[in-house]
Amino acid sequence: QQQVKQSPQSLIVQKGGISIINCAYENTAFDYFPWYQQFPGKGPALLIAIRPDVSEKKEGRFTISFNKSAKQFSLHIMDSQPGDSATYFCAASTDTNAGKSTFGDGTTLTVKP
Amino acid sequence: DAGITQSPRHKVTETGTPVTLRCHQTENHRYMYWYRQDPGHGLRLIHYSYGVKDTDKGEVSDGYSVSRSKTEDFLLTLESATSSQTSVYFCAIRNPGTASAGNTIYFGEGSWLTVV
């Protein structure tokens, strides 16, 4: 049973466009929802994260939108740049249970110049 | 950088041989994790540790064992490597964070293991 479902698997966007990646979760006990960015040959790195008590969080060109009732959250990358080309993972966790995170399967984003 | 060092970074081994991957942290964090990353499967938790000599299984623990004799070191052992264990292995540490920050996990650079 996959607890975090991520879509799309791959995404191609033109430079300057908006990239949108979606995730859905099942466990209502999750209370922390981070997004990680991974470049080839590197480990994933935290990009932005949100708690369920807010519906949106913005950091620069990156925004998380959170819909608690629908159990969905999404990453929006505004003014996408070729340097944003990477694999993006959503995740969900709780403060209990050793803080173990459950990850989506990842989205490979390609931003064309 | 989160102060995580994985070794070896790349290894090719034969089926049936034992393999140990090492993760070393300089952050003195309590929680450490081993994940494997495979195409189409994202990151899956193998084992984790919540303190010295305190470890537990993750979702894909079969064929793997771990040990943590010191806060800074977390070892992952494949007792008898199989081709299905060809993967990229990531060590991670957890920053307990604040009430608003939550469970921030920092990953190492990865260990590429090929079992032939």
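The values are calculated or read from the model by the stated rules, or taken from the named source; none is laboratory data. These figures come from a predicted structure and were not determined experimentally. Note that each Cβ is placed from the backbone with ideal geometry, even for glycine, and that neighbours are counted across all protein chains shown. Surface areas here come from the heavy atoms of the whole protein model, side chains and all, with no ligands, DNA or RNA. Shrake-Rupley method; radii C 1.70, N 1.55, O 1.52, S 1.80 Å.
A compact table of results
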| item | result |
| --- | --- |
| Dipole magnitude of chain A about its Cα centre (Cβ charges: Lys, Arg +1; Asp, Glu -1), debye to nearest 20 | 180 |
| Largest to smallest accessible area among B:HIS10, B:HIS41, B:HIS47, B:HIS24 [probe 1.4 Å] | B:HIS10, B:HIS41, B:HIS24, B:HIS47 |
| With eigenvalues of the C-alpha gyration tensor scaled by 5 and rooted, the protein assembly as shown, Å | 30, 21, 15 |
| Trypsin sites (Lys or Arg not before Pro) lying in DSSP loop within the stretch B:1-62, provided at most 12 other Cβ fall within 10 Å | B:LYS53 |
| Cα→Cβ-extended label distance, 7 Å offset, between B:SER67 and A:ASP95, nm | 3.6 |
| Chain B, accessible area per residue, ligands and nucleic acids excluded (1.4 Å, Å²) | 46 |
| Geometric extent, Cα atoms of the stretch B:10-116 - Rg, Dmax (angstrom) | 13.7, 46 |
| Two-site FRET efficiency, B:ASP54 against A:HIS76, from Cβ-Cβ distance with R₀ of 35 Å, rounded to 0.05 | 0.35 |
| Backbone HN-Hα couplings from phi across the stretch A:32-44 [Karplus 6.51/-1.76/1.60, Hz, Gly and Pro as x] | 8, 10, x, 10, 10, 10, 10, 9, x, x, 10, x, x |
| Base-10 log of normalised Debye intensity for chain A (one unit scatterer per alpha-carbon) at q = 0.11, 0.22 Å⁻¹ | -0.32, -1.24 |
| Choice from A:THR96, A:THR87, A:THR63 with maximal GNM fluctuation in chain A (Cα, 10 Å cutoff) | A:THR96 |
| Those GluC sites (Glu not before Pro) in the stretch A:17-72 that DSSP places in a loop and that have at most 16 other beta carbons within 10 Å | A:GLU26 |
